[in-house]
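These notes are about the structure you will find just below.
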């Protein structure tokens, strides 16, 4: 059991907030629904008022967050189960949304639904918010009358995706903070301490070693042109983004991720988990296997995984098996994935097998991330020690030379 701080609203717009001890957010949403309220926001009490994390929303950079989409999907399922008309649901959820982009999209979908357009087709007009995975499951739900079941599958998919990303972010936060602190302290030392030492050496007319001169030159540059540092970082990020948008650049980065020691294992496990989880959700929702594979190829980020799934689509169209095709890609898909897929295809339990396999690989990703974070920490300490040692030797060496000359 965990204690959550929540904010909820009734259909009349009345707001309610407080804390409740429940198993998870889904249970919290269910309890509030029974009381006539819709869950808008939920956080563990450790991050409740006075302790909640500071967050900045940048819609033009990130679009609608996964958390916002998850909350929308969960509330949509609860309200459909309650028998509320779809246009009213969309207007209510638009009013509850904190994202202007999502609010505008939901009001647009509401107008189209009122005019008689299909719900899934209306959602598909906003692909930057509702990906093909979402709209395809909604379409199958509309056609088969299982919209509520489709929303449950989507909610579970998003919850696991959110959980996995949170674990990855949580494990890498500490090393990132240490690196930023190290860079910040180094910058301050170079800007404040080094120029003063340089003036002292100049007054004493001390001959400087190359390493000392290098540190002094860097310090003087940063002290005089510190305002260029943010510009240089911005240009670097823009260039990196441009490179990632090109096919050659994206392929090179993805290949590097698959070849780097330690990192490659995490990349393979993460993409394997994403593959089997997404495919399981699509098959469970009733999406035809070929169409499910096409959607899957579009949802994967790594170009090598996209290529593998695209070839699988062509082979399955010809009557081939998914497991047989993926065996050719043993460098990116572990043997366990293909073996379990083969078992699922032979027994007709592909969706269930993939779901269990996804649970396994998501747990593997969590363990691998923790191991990576544990490995990064001593490496960071060594780098910090080397940097401090280099700086100290560079600054102290002229002083020793000066003392030797006095003797």
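The values are calculated or read from the model by the stated rules, or taken from the named source; none is laboratory data. Note that the structure is predicted; figures quoted are calculated from it, not measured. Neighbour counts run over all protein chains shown; Cβ positions are idealised from the backbone, glycine included.
Results for (1) more than 27 Å from residue 275 (Cβ to Cβ); (2) assigned to a helix (DSSP H, G or I); (3) in contact with a strand residue (DSSP E or B) (Cβ under 8 Å, 6 or more places away or on another chain), shown as yes or no for each residue.
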site	(1), (2), (3)
127	no, no, no
137	no, yes, no
152	no, yes, no
156	no, yes, no
171	no, yes, no
189	yes, yes, no
196	yes, yes, no
201	yes, yes, no
208	yes, no, no
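Residues 298, 257: which one is closer than 20 Å to residue 158 by Cα, surrounded by fewer than 18 Cβ atoms within 10 Å (Cβ to Cβ) and either in contact (Cβ under 8 Å) with a residue 40 or more places away in the chain or not assigned by TED's automatic domain parsing to the domain that holds residue 335 (or both)?
298
Residues that are buried (at least 16 other Cβ atoms within 10 Å of the Cβ), in contact (Cβ under 8 Å) with a residue 12 or more places away in the chain and under 26 Å from the mean Cα position of the chain (by Cα): does segment 83-94 have at least one?
Within segment 83-94, one or more residues are buried (at least 16 other Cβ atoms within 10 Å of the Cβ), in contact (Cβ under 8 Å) with a residue 12 or more places away in the chain and under 26 Å from the mean Cα position of the chain (by Cα).
Restricting attention to segment 151-173, report how many residues are surrounded by 21 or more Cβ atoms within 10 Å (Cβ to Cβ) and more than 28 Å from residue 119 (Cα to Cα).
Number of matching residues: 1.
Just to confirm my filter: which helices (runs of 4 or more DSSP H) fall fully inside segment 1-81 and include at least 3 residues that are buried (at least 20 other Cβ atoms within 10 Å of the Cβ) and either within 20 Å of the chain's Cα centre (by Cα) or at pLDDT 80 or above (or both)? Steps first, please.
On the way: elements: 25-34, 59-62, 66-81.
Once the helices (runs of 4 or more DSSP H) in segment 1-81 are filtered for at least 3 residues that are buried (at least 20 other Cβ atoms within 10 Å of the Cβ) and either within 20 Å of the chain's Cα centre (by Cα) or at pLDDT 80 or above (or both), what remains is 66-81.
Looking at 293, 336, 354, 282, can you tell me which residue is free of Cβ contacts under 8 Å to residues at least 40 places away in the same chain and either under 19 Å from residue 150 (Cα atoms) or not in a helix (DSSP H, G or I) (or both)?
On the way: 336 fails: either under 19 Å from residue 150 (Cα atoms) or not in a helix (DSSP H, G or I) (or both); 354 fails: free of Cβ contacts under 8 Å to residues at least 40 places away in the same chain; 282 fails: free of Cβ contacts under 8 Å to residues at least 40 places away in the same chain.
Exactly one residue qualifies, and that residue is 293.
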